[in-house]
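Data first, discussion second: the structure below is written as C-alpha cells.
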Amino acid sequence: MSIVVAPEVAAALARVGPVVALESTIICHGMPYPKNLQTAMEVEAVVRGTGAIPATIAILDGLPHVGLSGEQLKRLAISGRQFQKTARRDIAHVVASGGNGATTVSATMFFAHKVGIPIFVTGGIGGVHRHGEQTMDISSDLTELGKTPVAVISAGVKSILDIPRTLEYLETQGVTVAAYRTNEFPAFFTEISGCQVPCRVDSPEECAKIIHANRNLHLGSGILIAVPIPTQHAASGSIIESAIRKALKEAEEKRIIGNAITPFMLERVKELTGGSSLEANIALVKNNAELGGKVAVALSNLQKRETKSKLL
C-alpha cells in the first residue's frame, strides 16, 4: 500500500525522533467548522510544544496520508461529514474507490503502525456497548488494540458504554491498560468509574518504559493509557455525567436497548447539557495531546540511549 508520509514526519521517524499520531474523525465528524479547524491546529500546537511532531492521519483522494499540511487540515474541516468515517474495515473500500476518509481510532492505529509511529493520542476510545452481550456491538478499537502494537493515550471510554465489560474485553485481547497518576480507570468526563486498573503510571518516562518493553518483547498488542479529566474541567464533567445518568434512566424506562441505545444517549445528553460537552471534549484532547507528546519525547530519548549503549 502506498502511504504518503509528510516530510517532517518522515524525517523525525528516520532519526528516531518523537512523533504523535492524531485521528481525523474528530475534525470531520466531531464538531462544526471553523471550530474543528481551530481545535485541530491547537492540538497539533500542543504536541509541538512538547518537542514532538504531530501526524494527523486521513485518506485523501484514495491515498492514506500520515501528517497533513495546513491546507489539508482546512480541507478536512470544511468538508466535514463529506469525508467518510473510516475504521479498519472501511480502509480498502475508501482507498479502492479513490475516496476521502476521516480515520477513527482503529484506522489511525493501523496507519501509525505501518509507518512506525508508536504513540497515538485521541479523546476517548470506543468500547463494549450496553447490552453488548446481546447485540455483539463492540467497537473495533478494542480488537485493534489487541493486534496492533501502538500505545493509545485517551481519557478512557464514555460512561454511556459498558466500562466493566470493556475492560474485560481488553484483558481478553491481551491489552495492557494503565491509568495516569491514578489507580482507577477514568470515564472520560469524570475521573472515576468504579473500576480499578492493573497498572498505574506516574510520569511520561514510566509510560515510555512500558511502551519500550512492549515493543522489545514483540507482544504484538497495543497499550491503553487512560488519563483523567483535568481538575479545572471536573465541574463541567460532573454536569455531563449527571446528564448521562439521567439519559440512561430514561432509556431504561422507555425500554430502549441494543443498537438503539447509543444514538438515543448521545442525542439526549446533548439536549440535557446544551452542547456544553464540546468544550470539555476539546480540553480532554488537548490534555491527552500534551501527555502524548511528552511520552513520545521520553520514548525517543530512551531508544537513543539504548542504541548508544549498544554501540559502546
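The values are calculated or read from the model by the stated rules, or taken from the named source; none is laboratory data. Since this is a predicted model, take the numbers as computed values, not measurements. Reconstructed Cβ throughout: ideal geometry from the backbone, glycine too, with neighbour counts over all protein chains shown. The protein model used for the area step is the full one, side chains on, heavy atoms only, and it has no ligands, DNA or RNA in it. Shrake-Rupley method; radii C 1.70, N 1.55, O 1.52, S 1.80 Å.
So if we plug the beta-carbon distance of Leu266 and Lys35 into 1/(1 + (r/R0)^6) with R0 = 22 Å, what FRET efficiency do we get, rounded to 0.05? After rounding, the FRET efficiency stands at 0.75. Here r is the Cβ-Cβ distance between Arg305 and Glu42 and R0 is 41 Å; the resulting FRET efficiency, rounded to 0.05, is 0.80.
In this label model, Asn216 and Lys246 are separated by 5.2 nm, measuring between points 7 Å along each Cα→Cβ vector. What the Cβ-Cβ distance of Arg165 and Ala92 gives, at R0 = 35 Å and to the nearest 0.05, is a FRET efficiency of 0.75. For region 126-229, trypsin sites (Lys or Arg not before Pro) meeting the loop criterion (DSSP other than H, G, I, E, B) and having at most 14 other Cβ atoms within 10 Å: Arg181.
With just the Cα atoms defining each centre, how far is region 290-311 from region 51-66? Give it in Å. Rounded to whole Å, the Cα centres lie 22 Å apart. The trypsin sites (Lys or Arg not before Pro) of region 1-108 meeting both criteria, a DSSP state outside H, G, I, E and B (loop) and at most 13 other C-beta atoms within 10 angstrom of the site's C-beta, are Arg15. Loop-located trypsin sites (Lys or Arg not before Pro) in region 248-307 (DSSP state other than H, G, I, E, B) with a sparse environment of at most 16 neighbouring Cβ atoms within 10 Å: Lys254, Arg255. Of all DSSP bridge pairs formed entirely within region 118-311, close to 20 percent run antiparallel.
Under the shape rule built on the C-alpha gyration tensor, where the axes satisfy a ≥ b ≥ c, region 254-312 is oblate, since a/c reaches at least 1.5 while a/b does not exceed b/c.
Approximating the spin labels as points 7 Å out from Cα along Cα→Cβ, the Leu278-to-Glu253 distance works out to 2.8 nm.
Taking the centroid of alpha carbons for each part, region 234-272 and region 149-180 are 21 Å apart. Of the residues Leu60, Leu217, Leu13, the one that moves most in a GNM of the chain with alpha-carbon contacts below 10 Å is Leu217. Here the accessible area of region 118-311 is 51 percent carbon and sulfur, with a 1.4 angstrom probe and all protein chains present.
A convex hull fitted around the alpha carbon atoms of the chain yields 127 Å³ per residue. Setting aside same-chain residues fewer than 8 positions from Lys304, which lysines have a Cα under 22 Å from its Cα? Once the sequence-local lysines are set aside, what remains near Lys304 is Lys114, Lys209, Lys294. The helix-based estimate of mean residue ellipticity at 222 nm for the chain, built from -39,500 (n - 2.57) per DSSP H run of four or more residues and divided by its residue count, is -16000 deg cm²/dmol to the nearest 500.
Projected label points at Met136 and Ser69, each 7 Å from Cα along the beta carbon direction, are separated by 4.5 nanometres. Within region 167-226, the proportion of C-alpha pairs whose separation exceeds 12 Å stands at 66%. Straight-line cross-link reach from Lys249 at under 28 Å between alpha-carbon atoms covers these lysines, not counting any fewer than eight positions away in the same chain: Lys158, Lys270.
Candidate cross-link partners of Lys74 among the lysines, defined by an alpha-carbon separation under 24 Å and a same-chain spacing of 8 or more, comprise Lys35, Lys85, Lys286.
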